[in-house]
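K.L.:
Handing you a structure now.
The values are calculated or read from the model by the stated rules, or taken from the named source; none is laboratory data. Everything numeric in this text was worked out from a predicted model, so none of it was measured. When we count neighbours, we look across all protein chains shown, and the Cβ atoms used for this are built from the backbone with ideal geometry, even at glycine.
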Amino acid sequence: MSFGTALTGLNAASEALNVTANNIANAGTTGFKSSRAEFGDIYATAYNGISNKAVGSGVQLQAVTQQFSQGTLHNTGNTLDAAINGQGFFIFSNNGTQVYSRAGAMQVDQQGYVVNAQGQQLQVYAPINPQSTNPTFNQGSLTNLQLSTSAGPPQATSTIAASINLNAAAPDLGVGTINPTNTASYTYSTPATVYDSLGAPHTAIFYFRKDTTTPSTTTTPGNTTWQVLTQVDGTTVTTGGNPQATLTFDANGNLVTPANGQIPYDAYSPTNGAAAMNVTLNLTGSTMFGNTSSVNSLTQNGYTSGQLAGLNIDNSGVISARYTNGQSQALGQIALANFTNPQGLQAVGNTGWGQTYASGTPILGAPGTGSLGQIQAGSLENSNVDEAKQLVDLITEQRNYQANAKVITTANTVTQTIINMT
């Protein structure tokens, strides 16, 4: 009996040594989670239960469980490296089968897919409005993230927003027509670059003329009017069929008309074959004060095409492409999975796990939502193996092995003594 009992002890100690050895071997493996051998004692049973005088029959391995505690994070500086600070798993597609992992070392394959070292493709939520400054994502389905090396498309200018101060002390030029070739016909001018549908730049110049000192009968007393003429590449762009638009300022220097501060221009057709441009000039915030005429701010919403310049990953898992034209575009949002019982996951190798009945179905979500952790870009998660503890366990398991071996030698001595007595 003692031979068999001690043999189970040897087997248990050997299993524990194997688990500890595997932990130590993977102490430097990214995203690795340490394992723990769990044992139970053995008792012989009968129809009427276990006798209160029964002696145990040894020990057996019940399970090898994974310890999913957080590993430390270290910075790598690599753009596509990502670590999860908190709960959750990255989702990779392995020929249609989902693999869950804490290892976020990723790269781009020859087809442009973001993959791990095993070639498994990272799964993300696709963007609904990728060019928005606050993009949203389709969280109803997952897709494999694929980067495009093609140029980012251009966008034609549709709005120019300008906050301008026009000098209230400027001399009155009287009612007249602005002639861009005659500087005496206008008070102030300022340029802006706009873009057509092909991404080609064009130069727009706005000419301002202070045209009245004494308001007319159609102008509120105390108000001052200015005329503005706009040319694009030397061609006058009309507004409502008129070459000039009227601006009115009150006695406090505030813009009164147009009421919404906007001047909608008639369509302008570039000579390069691009689509006709429909541009609105928004002068909201413009003033007429006694200091020098100047531009406080001037922006427009068009841009030329751009080449991919780099990638960004934020802590909510949004992966954005940066282009040489200064624009950015959301490519996808990393999806994370969590499980009711992570210890029920099946290890499949290469620091990956597969879903099982015991783990339950994956609970998907965006990083930072629910119980899911946030993404730390340019970082990786170290193994959570505590090497000092593992070495102590190694010594303990070695002694357990030696003790069980001693039981066998002792039992052998007892048996030999009995044989010698016969």
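K.L.:
Residues in the stretch 160-168: is at least one in contact (Cβ under 8 Å) with a residue 24 or more places away in the chain, outside any strand (DSSP E or B) and either of a type in the set (Val, Ile, Thr) or not assigned by TED's automatic domain parsing to the domain that holds Ala275 (or both)?
P.N.:
Checking the stretch 160-168: not a single residue is in contact (Cβ under 8 Å) with a residue 24 or more places away in the chain, outside any strand (DSSP E or B) and either of a type in the set (Val, Ile, Thr) or not assigned by TED's automatic domain parsing to the domain that holds Ala275 (or both).
K.L.:
If you don't mind, another one. In the stretch 293-324, what count of residues is obtained for those that are on the phi < 0 side of the Ramachandran plot, assigned to a loop (DSSP other than H, G, I, E, B) and crowded, with 18+ Cβ neighbours inside 10 Å?
P.N.:
Number of matching residues: 4.
K.L.:
Moving on. Listed residues Asn165, Asn134; which is more than 27 Å from Pro362 (Cα to Cα), modelled with pLDDT under 95 and out of contact with any Gly (no Cβ under 8 Å at 6 or more places or on another chain)?
P.N.:
On the way: Asn165 fails: modelled with pLDDT under 95.
One residue alone meets the criteria, Asn134.
K.L.:
Identify, from the list Gly273, Gly261, the residue that is outside the structural domain of Gln333 (by TED's automatic domain parsing), surrounded by fewer than 13 Cβ atoms within 10 Å (Cβ to Cβ) and touching a Leu at 6+ places or on another chain (Cβ under 8 Å).
P.N.:
Gly273
K.L.:
Separate question: Among the strands (runs of 3 or more DSSP E) contained in the stretch 60-110, which hold 3 or more residues that are in the same structural domain as Ile375 (by TED's automatic domain parsing) and among the polar types (S, T, N, Q)?
P.N.:
Where strands (runs of 3 or more DSSP E) fall fully within the stretch 60-110 and carry at least 3 residues being in the same structural domain as Ile375 (by TED's automatic domain parsing) and among the polar types (S, T, N, Q), they are 97-101.
K.L.:
Can you spot a residue in the stretch 31-40 that is surrounded by fewer than 16 Cβ atoms within 10 Å (Cβ to Cβ), of a type outside the set (Gly, Ala, Ser) and either at pLDDT 80 or above or touching a His at 6+ places or on another chain (Cβ under 6 Å) (or both)?
P.N.:
In the first step, residues of the stretch 31-40 are kept if they are surrounded by fewer than 16 Cβ atoms within 10 Å (Cβ to Cβ); the result is 36, 38, 40.
With the extra rule that they be of a type outside the set (Gly, Ala, Ser), the set shrinks to 36, 38.
With either at pLDDT 80 or above or touching a His at 6+ places or on another chain (Cβ under 6 Å) (or both) added as a condition, the list becomes 36, 38.
Taking every residue of the stretch 31-40 in turn, at least one turns out to be surrounded by fewer than 16 Cβ atoms within 10 Å (Cβ to Cβ), of a type outside the set (Gly, Ala, Ser) and either at pLDDT 80 or above or touching a His at 6+ places or on another chain (Cβ under 6 Å) (or both).
K.L.:
May I pose another question? Which of the residues that make up the stretch 253-286 are among the polar types (S, T, N, Q), under 38 Å from the mean Cα position of the chain (by Cα) and not in a loop (DSSP other than H, G, I, E, B)?
P.N.:
Across the stretch 253-286, the qualifying residues are Gln262, Thr280, Asn282.
K.L.:
If you scan the stretch 356-410, which residues turn out to be of a type in the set (Asp, Glu) and farther than 30 Å from Phe137 by Cβ?
P.N.:
Selection gives Asp386, Glu387, Asp393, Glu397.
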